[in-house]
Amino acid sequence: MDAIEVKGLTKRFGDFVAVDNISFGVPQGEIFGLLGPNGAGKTTLIRMMTTLTPPSEGLARVAGHDVRKDPDGVRTSIGVIPQALTSDPELTAEENLQIHAKIYGVPAGERGALIRELLEAVDLAQFSKALVGTFSGGMRRRLEIARGLVHSPKILFLDEPTTGLDPVSRTNVWEMIEKLQRQSGLTILLTTHYMDEADKLCERVAIVDHGKLVALDTPTRLKDSIPANEVVEAEFAGAPPGWREALASLPQVLSVSEHEGVTHITTQNGAEALGAIMDLAHRRGASARRVTIHSTTLDDVFLHFTGRQLRDELGSKRLDISHLYK
Amino acid sequence: MKPYRIFALIERDMRKFFRNPALMMASMVFPLVQLVVLGYAFGGKITKVRVALVDKDTGAEALPVRNGLNAIVQDPQTFRLSEYTDLPEAVTDLRAGFLKAVIYIPPDFSQRVLRNENPRIAFIEDNTDTFTASGIFERMQQLQNSLNGPVLPPLEPGQSPASNLAGLFSPNRLPASIDIQTVEVYPYIDYIKYLLAGSISLSIFVTAMIGGGITFIDDKARGLHEGYLSTPLSKVDLVLGLIGSGAIKGLMAGLVITVIGGLIAGIPQLWEPLRLLYLVLVLAVTSLSMLSFMFLLMVRVSDPLVPRAIFGVLNTLLFFPSGAVYPTAGFPVWLRAMSFVDPFTYVVEALKNLLLKDTGFAGIRLDLAILTGFSAALIAGCILLFKRQI
């Protein structure tokens, strides 16, 4: 039986359909990602699975408990780290965990050792007596993850766990999530709008857009599902009429699209395509201001399935070669 | 300085202001509420307070006194008379706060009147409430004047002196001058002592407003509550936990003000254990009722401005009609109705009974019962209205 089972889940707010007939299953021990832009319905979906919002239609079974019929069964089986930072800033890290351990009825004799262990796991042991209000965003997020684990849940839900964190903190949180999953075999469902996060952490990713599930598979298979291995992105100056069609006619090019002045050219071989593109540009009197080549990412997958881009920031893997053409 | 920048800021704030009904109410409507409530809460004529009459004489000369008292009952209705046959019983009820005064006509009153041997009636007053006591005493003095020796009115033009003397033989006049002997059942009460009960209730109210209103909604606005909603805490757990914590804070604030305020005001025998126990009991029930009241008001609110905006008017609507600063007997009917449903009224009464009269349990049991029932009903309402989901 899947740890999470969702069938035809729908949420309406008046006429607005926030989540539209979504179905998927998450086997035990998997890190599963819901990837989509802000407003795609990810948070609503996670709130329905964690009993915070009642579904309008459909079924969601979490750890074997129906979210409608047995919400308490769901709540005792899951740890939830909401998008907002919900730890009490006026309490210390240890006090926050103590309160949650008491809410879940963790026996008094076990609490101390458990909390020490959790604080060590999230690298906050030395800050156990510090007020949470003095913590950085990354420290607070790590504390929230520890708090979500205080009652040894079977499934951990993380809603945008690294939003608003600096790159170092994001990496720390990623490492922690991976460590947790490795050590405890915990099932983890996270939402994110960072494609690199979904790519790095998740065994399978469901791409959500406008409340609908548009694709679901492993990141590798999702990337393989689009007919390109690499993408050339360029900003052209002095592009003549019919420039896009001219690019598309090159034998090395699979598809051409343009978003906010940047031309995206998919190809099987980036280096070969780039040569042909620059040659064409030279012949037609266009010049490339900025050119990058990168392997296909989930952003390209999202673009492929939705016709829009998901990108929030450029990944460090991207190679900027525009200086070669100055 | 660029005027367009200033105008941009003004526009921003005006747009926000007009889109916030709570703020508009607070600034435009609530001052009017305060004007009306405060305007009628001070200095009104005392009416319909309960006064005991113990007539041990029942003779012919006591009759004019009784008639005079009954006339006051009819108009201006300063008090309502309750007949008692036993003076100690009446004084016990006076001490327990059920009566505001006792009028005692001694057994030899008629004989003394007829013999002209300094006839007296006793006016035993609850001097913890000086406004009410002086209001009743003023009527008693008027009664005394009307009963005592003739005071000839000036002759009207054309009136014969004989007709003017007819009033001397009115059945409502006594042949001898009587005295009213005032007995105060408590030592002198300063206004600071009178005000103490109100200050204690106010301290609990402020704590309830912060703990049950502002903190709850601020936590909601910051998203902190989401961390609790995803745990197995039930609606009952959440409501009782949030009200309980606020009530404990209110109790602590109330205790501090009781002790320090009691020492400043000079409340005698404050440390008497049984009295302290009753005080803790009243403060605990008060905190619970105020917290549940505040929580019910705020249970569906999510705008952090709302509790701040209504703080002042709630204070006015609850504190001033309670009798904390002026007796409810001086209020007009509509303000008395407010006072009747205002939990502060019962808090102030119970605290005054304990602090100023040391009535023991008899003086607080009714207030405790009302406040407990009030809290239970409000908590039930909170549980019903609390949204367990987002």
- Item | Dimensions (Å) - the protein assembly as shown, Cα atoms, principal axes, largest first | 137, 67, 45
- Item | Set of lysines near B:K249 by C-alpha distance (under 30 Å), chain-local residues within fewer than 8 positions excluded | A:K102, A:K129, B:K193, B:K220, B:K235, B:K352, B:K357, B:K387
- Query: Among the DSSP beta bridges whose two residues both lie in segment A:147-283, what percent are antiparallel, rounded to the nearest 5?
  - Reply: 75 percent
- In deg cm²/dmol, rounded to 500, what helix-only [θ] at 222 nm does chain A give when every DSSP H run of at least 4 residues adds -39500 (n - 2.57) and the total is split over its residues? -10500 deg cm²/dmol
- Query: GNM, chain B, Cα, under 10 Å: largest mean-square fluctuation among B:G330, B:G227, B:G198?
  - Reply: B:G227
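Taking square-rooted eigenvalues a ≥ b ≥ c of the alpha carbon gyration tensor, is segment B:1-145 rounded, prolate or oblate, where a/c under 1.5 means rounded and, failing that, a/b exceeding b/c means prolate?
Details: a/c = 5.07, a/b = 4.14, b/c = 1.23.
Prolate shape, in that a/c is at least 1.5 and a/b is the bigger ratio.
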- Task: Enter the angle in degrees (range 0 to 90, nearest 10) between the Cα long axis of helix B:191-208 and the first principal axis of the Cα atoms of chain B, meaning the one along which they spread out most.
- Result: 20 degrees
- Specify whether the C-alpha gyration tensor of segment A:1-46 places it in the rounded, prolate or oblate class, a ≥ b ≥ c being the square roots of the eigenvalues: rounded for a/c under 1.5, otherwise prolate if a/b is larger than b/c and oblate if not. oblate
- Kindly identify residues of segment B:199-239 having a loss of at least 40 Å² in accessible area between the isolated chain and the assembly of all protein chains, probe radius 1.4 Å. B:R222, B:L224, B:E226, B:G227, B:Y228, B:S230, B:T231, B:P232
- Query: Hey, which aspartates and glutamates would be in cross-link range of A:K7, C-alpha to C-alpha under 14 Å, not counting anything within fewer than 8 residues on its own chain?
  - Reply: A:D20, A:E57, A:D66
- Residues whose built amide H sits under 5 Å from the amide H of A:V205, excluding neighbours closer than 5 in sequence, are A:G33, A:D217, A:T218
- Descending semi-axes in Å of segment A:127-221, equivalent ellipsoid built from Cα gyration tensor: 25, 16, 12
- Query: Based on the Cα atoms of segment B:237-294, what semi-axes does the equivalent ellipsoid have, where each is the square root of 5 times one gyration tensor eigenvalue, given in whole Å with the largest first?
  - Reply: 26, 11, 8
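Taking N as the number of residues in segment A:22-112, what is its alpha-carbon radius of gyration divided by 2.2 N^0.38 Å?
Cα-based Rg divided by the globular estimate yields 1.27.
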- Using the Kirkwood formula on alpha carbons, the hydrodynamic radius of chain A in angstrom works out to 21.6 Å
- Can you list residues whose amide H is under 5 Å from A:Q83's amide H, if they're 5+ apart or on another chain and H is modeled 1.01 Å from N? A:D159
- At what distance in nm do the modelled label points of A:R244 and B:F340 sit from each other, each positioned 7 Å from its Cα along Cα→Cβ? 7.7 nm
- Dividing the alpha-carbon Rg of chain B by 2.2 N^0.38 Å yields what? 1.29
- Item | Shape call, segment B:261-349: gyration tensor on alpha carbons, a/c limit 1.5 | oblate
- Message: Give the average over all directions of the projected area of the C-alpha convex hull of segment A:28-175, one decimal, in nm².
- Response: 9.4 nm²
- Query: Amide H to amide H under 5 Å from B:F79: which residues, 5+ apart in sequence or cross-chain, H placed 1.01 Å off N in plane?
  - Reply: B:K48, B:V49
- For segment A:110-176, alpha-carbon Rg and Dmax in angstrom: 11.8, 35
- For chain B, set up a Gaussian network in which alpha carbons nearer than 10 Å are linked by springs, and say which option among B:G312, B:G261, B:G250 fluctuates the most. B:G312
- Task: Evaluate the relative contact order of segment B:244-354 (contact order divided by residue number), counting alpha-carbon pairs under 8 angstrom at least 6 apart; express in whole percent.
- Result: 28 percent
- Task: With springs connecting C-alpha atoms under 10 Å apart, model chain B as a Gaussian network and identify which of B:L356, B:L238, B:L291 has the largest mean-square fluctuation.
- Result: B:L238
- Query: If you average the sequence gap of Cα pairs under 8 Å that are 6 or more apart and divide by the length of segment A:119-209, what percent do you get for the contact order?
  - Reply: 28 percent
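The values are calculated or read from the model by the stated rules, or taken from the named source; none is laboratory data. None of the values given here were measured: they were computed from a predicted structure. Methodologically, a virtual Cβ is constructed for each residue, glycine included, from the backbone with ideal geometry; neighbour enumeration extends over all protein chains shown. To get the accessible areas, we keep the full protein, side chains included, count just its heavy atoms, and leave off ligands, DNA and RNA. Shrake-Rupley method; radii C 1.70, N 1.55, O 1.52, S 1.80 Å.
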